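Single-structure report; data block below.
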Amino acid sequence: MNRYQEAKTMYEALGVDTEMALSALSDVTVSVHCWQGDDVIGFDSRESLSGGIQTTGNYPGKARTPEELMADIDKAFSLMPGKQKLNLHASYAIFDGEPVGRDQIRPEHFKKWVDFAKKRGLGLDFNPTFFSHPMVKDNLTLSSPDETVRKYWVEHGKACLRISQYFAEETGYPCLMNIWIPDGYKDIPADRLGPRARFKKSLDEILSEPYDPEKVYVTLESKVFGIGLESYTVGSAEFCLSYSTKKGITPLMDNGHYHPTEMVSDKISSLLLFNDKIALHVTRPVRWDSDHVVLFDDETREIAKEIVRNDALDRVLIATDYFDASINRISAWVTGVRSVQKALLFALLQPACLKNLQDDNDMTSLMVMQEELKTAPIGDVWNEYLRRQNVPADYLTEVKEYEKKVLVNRK
Ligand code: RNT
Ligand code: ZN
């Protein structure tokens, strides 16, 4: 008997059908962020990264052009099992002629991305880019008291809605458009309400742009702090959740955006009770919102368990969001996405009876079973998944070869 067959039998004894798990996993789409490939720089302004987020490290080989980034995405995606979407930021606009401001961007500036996606049968997600730009004034965009600044960014939001609609129409897949602003203050503000009131007004103005909510899912991502913006964040959790609920858009939780002992895994069930859909940015915050590569760790598994056992694989829109510049960026992409998928597989391999143990208050058995499941032969099921998906278990060798052949030549 091969290892998968043995694992299958062992899981069967626990009441788990590995075939069902594998087939469910192959249906899950992970939206993969393009910005791991170039340390969140983009092509439209080449400004250094701002907005309270930071990449650290200087590993050679980051993509410098659209062609390089596309080649790297191809390489990374070829090493990922399952289904992907590509998640773009507005700063990745490709200007063939005259560059235009972010308030003026149009679908044509993303045509090459659309061609790229269509050729590969990929859906596209999108993000307005409210950072790394000279029109960010005093760390504020949509909440700025300067009307010229605020209006500029409102126009950017509207332009992005039109581009998102274009993505959905061209690719045939809905486009998730996520709004995140870095706005905040380093030190204690005198007015916490004013900026939030302006943010609210700006969002209302952006959403007044016509779009088809069946094709474009607008999400709003909250945050607790950023570097240089430690004391006050305009788009706090309370603001974003309240706004989303009131306006019928979708809340997005990034698991780096809460206090370190607060867990997104515990928040998913509550949001599922009050929203048709919710969205996630899966990341790995190490002591702060550090955006390390996602691993197969406790919280990633717990998040996956909450999605799977609440039967919400079709209601939770899963995206990755991290950026490590200290290691091979292709490997970073693949490791993170595979970790999310492996965590989902772990969750799919949990027996349904665990809930009953909780309801019967048999917490003793529940603890023992949950511990035993951690060392059940998930690795053999995972390897079988990779085999069926035609991707190598050993991606490191390929990544190293690509590094030698391609990445090191980028000086
Ligand atoms: C920042 C947010 C946001 C960004 C991307 C680049 O803290 O997580 O999602 O990481 O938009
Ligand atoms: Zn995020």
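D for the stretch 1-132, whole µm²/s, Stokes-Einstein with Kirkwood Rh over alpha-carbon pairs at 25 °C and 0.890 mPa s: what number?
Working: Rh = 17.4 Å.
The estimated diffusion coefficient comes to 141 µm²/s.
Helix 329-348: angle to the longest alpha-carbon principal axis of the chain, degrees 0 to 90, nearest 10?
Around 50 degrees separate the two axes.
So if we plug the beta-carbon distance of C353 and K247 into 1/(1 + (r/R0)^6) with R0 = 56 Å, what FRET efficiency do we get, rounded to 0.05? Spell out each step's value before the answer.
On the way: r = 40 Å, r/R0 = 0.72.
Calculated transfer efficiency: 0.90.
Listed highest first by mean packing, meaning other Cβ atoms within 10 Å per residue, what order do 404-410, 60-66 come in? Don't jump to the answer; show the numbers that get you there.
Working: 404-410: 12.4, 60-66: 16.4.
Highest mean packing first, the order is 60-66, 404-410.
Place a label point 7 angstrom from the Cα of M363 along the Cα-to-Cβ direction, then list the residues of the stretch 244-263 whose backbone nitrogen is under 20 Å away.
So the set is 263.
State the extension gain, in nm to one decimal, for the chain segment bounded by Q370 and D311, taking 0.36 nm per residue of separation less the distance between their alpha-carbons. Write down the numbers at each step before the final one.
On the way: separation 59, 0.36 × 59 = 21.24 nm, distance 1.90 nm.
Result for the pair: 19.3 nm of gain on full extension.
Charges only on Cβ, +1 for Lys and Arg, -1 for Asp and Glu: so what's the dipole of the stretch 284-331 about the Cα centre, in debye to the nearest 20?
Here the size comes out at about 100 debye.
P(r) tail for the chain, what percent of Cα pairs lie past 31 Å? Let's see the in-between values first.
Values: 32490 of 84255 pairs.
The calculated P(r) of the chain puts 39 percent of pairs beyond 31 Å.
Given V216, W35, V334, which one lies farthest toward the positive end of the charge dipole of the chain, if we put +1 on the Cβ of every Lys and Arg and -1 on the Cβ of every Asp and Glu?
Checked the options; the winner is W35.
Order the peptides 185-195, 234-244 from the highest to the lowest mean number of other Cβ atoms within 10 Å of their residues.
Working: 185-195: 12.8, 234-244: 20.4.
Answer by packing, highest mean first, reads 234-244, 185-195.
By DSSP, what percent of the beta bridges with both residues in the stretch 140-255 are antiparallel, rounded to the nearest 5? List each step's numbers first, then the result.
Numbers: 3 of 11 bridges.
Counting DSSP beta bridges with both partners in the stretch 140-255, the antiparallel share is about 25 percent.
Can you compute log10 of I(q)/I(0) for the stretch 340-392 with the Debye formula, treating each Cα as one identical point scatterer, at q = 0.20 Å⁻¹?
-0.74
When the dipole is taken about the Cα centre of the stretch 313-393, and only Lys, Arg (+1) and Asp, Glu (-1) are charged at their Cβ, what size is it in debye, to the nearest 20? Could the numbers behind the result be given before it?
Numbers: 8 positive and 10 negative charges, 97 e Å.
That gives the stretch 313-393 a dipole magnitude of about 460 debye.
Which value, in debye to the nearest 20, gives the size of the charge dipole of the chain about its Cα centre, when Lys and Arg are +1 and Asp and Glu are -1 at the Cβ?
For the chain, the charge dipole is close to 840 debye.
Tell me, Kirkwood radius of the stretch 302-411 from alpha-carbon pair distances, in Å?
Working: mean 1/r = 0.0601 Å⁻¹.
About 16.6 Å, per the Kirkwood formula over Cα pairs.
Have a look at the DSSP beta bridges in the chain and tell me what percent are antiparallel, nearest 5. Don't jump to the answer; show the numbers that get you there.
Numbers: 5 of 34 bridges.
DSSP beta bridges in the chain are roughly 15 percent antiparallel.
As an exercise, use a Förster radius of 35 Å and the Cβ-Cβ distance of A24 and D187 to find the FRET efficiency, rounded to the nearest 0.05.
Numbers: r = 48 Å, r/R0 = 1.39.
Plugging the Cβ-Cβ distance into 1/(1 + (r/R0)^6) gives 0.10.
Give the lysines reachable from K305 as a straight Cα distance under 27 Å; neighbours fewer than 8 places away on the same chain don't count.
Straight-line reach from K305, under 27 Å: K8, K83, K85, K223, K267, K277, K342, K355, K374.
Mean 1/r over all different Cα pairs, inverted: what Kirkwood radius does the stretch 300-348 give, in Å? Kindly include the intermediate steps, with their values, before the conclusion.
On the way: mean 1/r = 0.0862 Å⁻¹.
For the stretch 300-348, inverting the mean 1/r across all distinct Cα pairs yields 11.6 Å.
Can you find, among H257, V286, S269, the residue sitting farthest towards the positive end of the charge dipole of the stretch 239-324, where Lys and Arg contribute +1 and Asp and Glu -1 at Cβ?
Highest projection toward the positive end goes to S269.
Among bridges DSSP assigns within the stretch 204-318, what percent are antiparallel (round to 5)? Please list the in-between numbers first.
On the way: 2 of 11 bridges.
Roughly 20 percent of the beta bridges in the stretch 204-318 run antiparallel, per DSSP.
Suppose only helical runs count, i.e. DSSP H with n ≥ 4. What mean residue ellipticity at 222 nm does that imply for the chain under -39500 (n - 2.57) per run, divided by all residues and rounded to the nearest 500 deg cm²/dmol? Display every interim value, and only then the final one.
Values: 14 runs with 178 residues, N = 411.
That calculation yields -13500 deg cm²/dmol at 222 nm.
Return one quarter of the surface area of the convex hull spanned by the alpha-carbon atoms of the stretch 141-249, equal to its mean projected area, in nm². Kindly include the intermediate steps, with their values, before the conclusion.
Working: hull surface 27.3 nm².
Spelled out: convex hull of the Cα atoms, projected over all directions, averaged, 6.8 nm².
Of T18, I53, P134, which is farthest on the positive side of the dipole of the stretch 1-157, counting Cα position, with +1 on Lys and Arg Cβ, -1 on Asp and Glu Cβ, and the Cα centre as origin?
T18
Only the coordinates and a few stated rules stand behind these numbers; no lab work does. Being a predicted model, the structure only gives us computed values, none of them experimental. In this analysis, Cβ positions are derived from the backbone assuming ideal geometry, glycine residues included, and neighbour counts consider all displayed protein chains.
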